[in-house]
1. Within the set of pairs 6 or more residues apart or between chains, which connect a residue that is without any contact (Cβ under 8 Å) to a residue 24 or more places away in the chain inside the stretch 298-324 to a residue that is more than 16 Å from the ligand (Cβ to nearest atom) with Cβ atoms less than 6 Å apart?
2. I'd like the full set of residues that are within 17 Å of L59 (Cα to Cα) and more than 8 Å from the ligand (Cβ to nearest atom), limited to the stretch 327-355.
3. Among R129, R102, which is over 23 Å from the mean Cα position of the chain (by Cα), surrounded by fewer than 17 Cβ atoms within 10 Å (Cβ to Cβ) and at pLDDT below 95?
4. From the set of residues in the stretch 198-251 that are closer than 17 Å to L59 by Cβ and β-branched (V, I, T), which is nearest to the chain's Cα centre (by Cα)?
5. Any residue in the stretch 64-85 that is part of a strand (DSSP E or B) and under 30 Å from T28 (Cα atoms)?
6. Only one of these is among the aliphatic types (A, V, I, L, M), part of a loop (DSSP other than H, G, I, E, B) and surrounded by fewer than 24 Cβ atoms within 10 Å (Cβ to Cβ): A180, A159, A188. Name it.
7. Take the stretch 311-325 and flag every residue that is within 8 Å of the ligand (Cβ to nearest atom) and hydrophobic (A, V, I, L, M, F, W, C).
8. A221 - would you say it is touching a Gly at 6+ places or on another chain (Cβ under 7 Å) and in the same structural domain as I192 (by TED's automatic domain parsing)?
Amino acid sequence: MSANKLVAQFRDPEAARALAEAIRARSTRPIRLMEFCGGHTHAILRYGIPSLLPETIDLRSGPGCPVCVTSAADLDLAIALAQVPGAILTTFGDMVRVPGSRDSLAKAKAEGADVRVVYSPLDALRVARENPGRPVIFLGVGFETTAPMVASAVLAAEAEGVENFYVFSTHKLTPPATRAILDAGEVALDGIIGPGHVTTVIGAEAWRFLPDEYTIPVAIAGFEPLDILRAVLALVEMVEEGRPDVSNVYARSVRPEGNPAARRTMDQVFEVADAEWRGFGTVPASGLRLREAYARFDAARAFPMEVGPAREPPGCRCGDILRGVLRPPDCPLFARACTPQTPIGPCMVSAEGACAAYYRYGNVARRTAHVARRT
Ligand code: SF4
């Protein structure tokens, strides 16, 4: 089957309408669901999913935007690392525009720092090979999906004897952040739409703690409209039947055990550590740092930095949005002072940010809602 036909299978309007009808038929009471993943937030708004759902279903965005949850303190450190004499700071594109406490990497670059956008950690390793006399630091952001790739780059650097390659790890783990939201109790959730890409690595069973410990169902979803509607239906059914469980509606990519080989690579290089998340503060055992055996690749140890106290962009409610307490339009700056052209916080900068999604697709969502209600 061609790729186009495969995708069309998951965007079929008739099937979407049938799923929406099934959701309406099964819903008897208000429920609030959180989509953990920023990719889901964008897909939900892009395809006008809220307009297909009964008004009793409240969808909240979660902390699944790696750029957004990178703390201002870590960004300040990254900016300081970019200013190490002779250093080349490499990272993914979105990170360059994200504001730290005072500056951004873009500003540091404009003032002379060598900041380069790369598409993978192996690109950063290539830069290190091409510049043997200069420290090349890769700012690693991302969840369990990205960390194995960074671990592979470290192993490759070790195997090749590349001595000027360093990683500044701000990698984070998704289940501890989900626990932090539920433990805080700021927002009552009835179910979680589980992150599809992350779960290809950690496995659907990694979410078993949600039904077992929190009596909350989780449905692992892909990123096409039918994937998301199927996940919502599975969650509604489990909530209505009082039967919390792990439902994997993304079985074409996600296995119960995930990807053990990727996890082994990640575990070989990284160990679990406390991590600071924007909007959360320090979340215990929610981050990854390089193991002692790979300490020579650790930028934080090779170039210890002191930076001043971190602060959030004034007025930005990104932290509340990442915890699901607010929705982007609840921020007084949304679409006024803060737009994709003039972003104030990371949730508007990042391609996976909730504010960017609401801004970009807000009109589409409203228009689709209008059409859906007429039909
Ligand atoms: Fe922050 Fe802008 Fe989002 Fe408001 S709209 S929370 S200022 S990123």
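1. Final answer for the pair search is R301/A295.
2. Correct list: R327, P329, D330, E352.
3. Every option except R102 fails the conditions.
4. My answer is I220.
5. For the stretch 64-85, residues part of a strand (DSSP E or B) and under 30 Å from T28 (Cα atoms): present.
6. After ruling out the rest, the residue left standing is A188.
7. Correct list: C316, C318, I321.
8. Against the criterion (touching a Gly at 6+ places or on another chain (Cβ under 7 Å) and in the same structural domain as I192 (by TED's automatic domain parsing)), A221 qualifies.
The values are calculated or read from the model by the stated rules, or taken from the named source; none is laboratory data. Here the structure is a predicted model, which means the values were calculated and not measured. So basically every Cβ, Gly included, is an ideal-geometry build from the backbone, and we count neighbours across all protein chains shown.
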